[in-house]
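Enquirer: Provided herewith is a single structure, encoded as structure tokens, for subsequent inquiry.
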Amino acid sequence: MSAFGRFFLPGPTDVRPEILQAMAQPMLPHRGPAFSALHARVVENLQTVFRTTRPVYAVSASATALMEMAIRGAPEGPILSLVNGAFAERFAAVAQACGRRVRRVVVPWGEIHPLGLLERHLAEEPFAALTVVHSETSTGALCDLRAVTELSHRYGVMCLADAVTSVGAGAVETDAWGVDFVLTGSQKALALPPGLGFAVASEAYILQAAVVPGRGRYLDPIEHEEAALRGGPPSTPAIPLFYAADLQLQQIVAEGLEARWARHGEMQRMVEHWVIERQAEGVAITFQAPAGARSPSVSCLSLPPERDAKTVVATVEARGFTIGRGYGQLQDSTIRIGHMGDLRPEHLAPCLDALSDVLRS
Ligand SMILES: *Cc1c(COP(=O)(O)O)cnc(C)c1O
């Protein structure tokens with residue numbers, strides 16, 4: 001097994017050996033006191049991470065399932081979807097697949113929606129809810145989730161946010177910003193193996209969700225709210241993943257959330273400096289997202305026209321570092337460096353050095 005710190009995929013992210021080993025413990029009854037205590041610790045630490053006093057649902061499913069949960073309990077009526085990348089498009093498609101009428105507001109991939117554009121759409125028609133991706137992992141763009149939430153509330157519209165690559169990596173203030181639904185997955189900035197999804201819903205969302213028809217069962221937010229209040233998951237949880245989450249969340253809280261955000265911010269700025277240096281050397285590499293709207297956890301870089309992402313990624317791999325190629329329509333023209341989870345600046349520096357060499361040759 002290779003050492004930790006050479007794997008820069010923007011999900012799944014590198015998991016420390018200690019956390020992997022935590023999964024290799026015997027099973028225990030998920031209705032017994034030991035699991036209840038573990039579950040309570042996981043939820044309490046997730047409340048710290050999500051900055052909320054609401055119960056956080058820890059669901060044995062990937063993050064996409066929680067997009068579906070957000071929609072299942074959303075008020076009846078049309079959904080406004082902000083689309084600026086592959087995951088934002090996925091959120092819109094999930095809403096449609098759940099039988100909702102969806103109005104997409106599309107901007108070019110890499111950009112974020114100007115608030116004026118959002119306001120024009122909100123004023124046009126009474127939407128029930130809005131979907132938005134805080135940190136769009138396919139482009140590295142970070143929107144102003146606080147402002148989007150405020151604006152949607154001004155029009156009586158609930159704000160449902162995918163914060164998969166921002167929770168644990170940068171400021172996500174669930175309660176203070178009043179976001180109605182915030183979701184993430186275990187395998188991104190929380191540096192856990194894939195397989196768990198975490199979400200929190202506002203009280204206003206839960207109060208109205210109880211009367212929304214057709215919420216299904218496994219992903220019914222009311223089912224998860226009630227289970228959370230009882231103190232356990234509604235059905236058999238992925239127990240090994242909970243062992244890992246229990247240990248990892250204790251260590252995240254011990255590091256301190258602000259310290260974690262600062263560490264991610266530092267790595268994001270390292271990539272910005274690195275890009276400026278490459279440009280000074282004549283390498284035509286640029287960020288896909290504009291300055292001031294870049295994710296703390298993933299950098300999506302547009303390659304010089306003569307370079308192809310697949311080859312660049314393979315050549316960096318041959319030097320011992322895994323980075324991601326582009327996603328969706330940006331698959332061949334961009335590369336993505338995930339600098340999230342438990343990765344540190346001292347891990348990122350040699351990866352960027354390897355990439356510099358590859359782009360020089
Ligand atoms: C990875 C990712 C998802 C999808 O997560 P899954 O766990 O694969 O379902 C959704 N949104 C964003 C922004 C992501 O980065």
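The values are calculated or read from the model by the stated rules, or taken from the named source; none is laboratory data. None of these values were measured; they are calculated from a predicted model. FYI the Cβ positions are ideal-geometry reconstructions off the backbone, even for glycines, and counts take in every protein chain you see.
Enquirer: Looking at the structure I just gave you, is T165 assigned to a loop (DSSP other than H, G, I, E, B) and either within 11 Å of the ligand (Cβ to nearest atom) or buried (at least 23 other Cβ atoms within 10 Å of the Cβ) (or both)?
Expert: Judged against the criteria, T165 is a match.
Enquirer: Oh, and also: Quick one: count up the residues across the stretch 82-108 that are over 17 Å from the mean Cα position of the chain (by Cα) and buried (at least 23 other Cβ atoms within 10 Å of the Cβ).
Expert: So the count comes out to 1.
Enquirer: Of all residues in the stretch 140-159, count the ones that are closer than 20 Å to L330 by Cβ, touching a Pro at 6+ places or on another chain (Cβ under 9 Å) and part of a loop (DSSP other than H, G, I, E, B).
Expert: Counting residues in the stretch 140-159 that are closer than 20 Å to L330 by Cβ, touching a Pro at 6+ places or on another chain (Cβ under 9 Å) and part of a loop (DSSP other than H, G, I, E, B) gives 1.
Enquirer: For S333, indicate whether it is within 22 Å of A141 (Cα to Cα) and surrounded by fewer than 21 Cβ atoms within 10 Å (Cβ to Cβ).
Expert: Against the criterion (within 22 Å of A141 (Cα to Cα) and surrounded by fewer than 21 Cβ atoms within 10 Å (Cβ to Cβ)), S333 qualifies.
Enquirer: Can you work out which of the residues in the stretch 184-208 that are among the β-branched types (V, I, T) and in a strand (DSSP E or B) is surrounded by the fewest Cβ atoms within 10 Å (Cβ to Cβ)?
Expert: Among those residues, the one meeting the criterion is V200.
Enquirer: Moving on. Applying the selection to the stretch 177-206, what residues are within 11 Å of the ligand (Cβ to nearest atom) and either modelled with pLDDT under 95 or in contact with a His (Cβ under 8 Å, 6 or more places away or on another chain) (or both)?
Expert: A189
Enquirer: With a cut-off of at least 3 residues that are away from the ligand (no atom under 15 Å from the Cβ), name the strands (runs of 3 or more DSSP E) lying wholly within the stretch 43-125.
Expert: 102-106
Enquirer: Scan I285, I276 and give me the residue that is surrounded by 14 or more Cβ atoms within 10 Å (Cβ to Cβ), under 30 Å from V358 (Cβ atoms), of a type in the set (V, I, T) and not assigned by TED's automatic domain parsing to the domain that holds E111.
Expert: Only one candidate passes the filter, namely I285.
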